[in-house]
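Engineer: Let me begin by handing over the structure; questions about it come next.
The values are calculated or read from the model by the stated rules, or taken from the named source; none is laboratory data. In this text the structure is predicted, and so the values were computed from the model without any measurement. Cβ placement follows ideal geometry from the backbone for every residue including glycine, while neighbour counts extend to all protein chains displayed. To get the accessible areas, we keep the full protein, side chains included, count just its heavy atoms, and leave off ligands, DNA and RNA. Shrake-Rupley method; radii C 1.70, N 1.55, O 1.52, S 1.80 Å.
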Amino acid sequence: MTSDSTVPTPYRIAIVGVGKIARDQHLPAIRNNPDFELAATVSRNGCIQGVDAFTDLRTMFSERPDITVVALCMPPQVRYGYAMAAIAAGRHIMLEKPPGATLSEVESLRTEAARHGVTIFATWHSRYAPAVETTRQKLAETRIRQLHINWKEDVRRWHPGQDWIWQAGGMGVFDPGINALSIMTEIMPHPVHLTNAVLEFPANRDTPIAARLDFADPTGAEVNAVFDWRQEGPQSWDIHIETDAGSLQLLDGGARLLIDGTTIIVEAEQEYPLLYARFSELLRQQISDIDVAPLRHVADAFMLGRRIEVSSFED
């Protein structure tokens, strides 16, 4: 099968990897978008009532040639093989974040997608939080003096029993932390680069449970981040910014914006509905959207980071 630019909407889509993120976010977003029709799932264990369920991706491609789009929602360590199979079959792809386990994987997918004429959308859902775009506009009009990311949550609450996050390639605390980095790379008027990192690894795990990052900014701003998976009680997904024009607080993962202490925006998140609206736009235009800037910062942290061993972690 080769990609066909004349395929009409609704696009028949398959969810590959039926886990928590697929059920909580992708499924309702697809149901509420008239441009998409959920036609099948591919998963070793999960299924969704009322749609065809497959355990093998290539079997689905063979038996359901009408399915032109796939959303890949499995862990990043195995996503590349599924994506390459989809490209070879001429299917368009939505990639959950991060788009791959390595930068090289993503560049390979970019090249192959272009060669086969298919669309890839490497999603960063936090960029679609309600207050992110307004924050980006405000920062473009002034000089940033400080930007501090405080991203702390309870891994037991958000990833219960998910061993893959602790395995090599699972990213550990960077799984949520990359959401903060996706916002930072969206709102900053110019790129920054990592200069220092300290990564805390539990003695019995292959990925970090906490991280501290420092960045160099070309205008001299102080930019840093703290990620921690040991937060109990209220969760923290906040970015605090000081500028020549005053202070901004981008809170609750980007859902709330305060400027000089006054609430400017507070809205319920619509991240995944907006992702699917963007995906539909890309499919109509027959173009891809693949930004690796957040993943590059993670890769740099693992390359530059000083490893500290901390107490073993038990789920």
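Engineer: Pull out all pairs, ordered by first then second residue, where Cβ-Cβ is under 7 Å, the residues are six or more apart or on different chains, the first lies in the range 170-189 and is without any contact (Cβ under 8 Å) to a residue 60 or more places away in the chain and more than 25 Å from Pro160 (Cα to Cα), and the second is of a type in the set (A, V, I, L, M, F, W, C) and open to solvent by 10 Å² or more (accessible area, probe 1.4 Å).
Structural biologist: Pro189/Ala140
Engineer: Return the residues of the range 256-306 that are among the acidic types (Asp, Glu), in a helix (DSSP H, G or I) and within 24 Å of Thr207 (Cβ to Cβ); say none if nothing qualifies.
Structural biologist: Asp300, the sole residue that qualifies.
Engineer: Which residues, counting only those in the range 246-290, are closer than 24 Å to Ser104 by Cα and open to solvent by 50 Å² or more (accessible area, probe 1.4 Å)?
Structural biologist: If the condition is that a residue be closer than 24 Å to Ser104 by Cα and open to solvent by 50 Å² or more (accessible area, probe 1.4 Å), then Gln286, Ile287, Ser288 are the ones that fit.
Engineer: When both residues are 6+ apart or on different chains and their Cβ atoms are under 8 Å apart, which pairs have a first residue that lies in the range 243-267 and is on the phi < 0 side of the Ramachandran plot, and a second that is surrounded by fewer than 13 Cβ atoms within 10 Å (Cβ to Cβ) and of a type in the set (A, V, I, L, M)?
Structural biologist: Ala255/Ala268
Engineer: Taking strands (runs of 3 or more DSSP E) that fall entirely within the range 100-211, which contain at least 1 residues that are more than 29 Å from Tyr276 (Cα to Cα)?
Structural biologist: Qualifying strands (runs of 3 or more DSSP E): 144-152, 193-202.
Engineer: Go through the range 68-99 and give me each residue that's assigned to a helix (DSSP H, G or I) and either open to solvent by 20 Å² or more (accessible area, probe 1.4 Å) or out of contact with any Asp or Glu (no Cβ under 7 Å at 6 or more places or on another chain) (or both).
Structural biologist: Passing the criteria: Pro76, Gln77, Val78, Arg79, Tyr80, Gly81, Tyr82, Ala83, Met84, Ala85, Ala86, Ala88.
Engineer: Looking only at residues in the range 257-315 that are aromatic (Phe, Trp, Tyr) and at pLDDT 95 or above, which one is nearest to the chain's Cα centre (by Cα)?
Structural biologist: For the range 257-315, the residue satisfying everything is Tyr272.
Engineer: Still on this model: Given the conditions (1) within 19 Å of the chain's Cα centre (by Cα); (2) within 16 Å of Leu282 (Cα to Cα); (3) of a type in the set (Lys, Arg), which single one is not true for Lys20?
Structural biologist: Single failed check for Lys20: (2).
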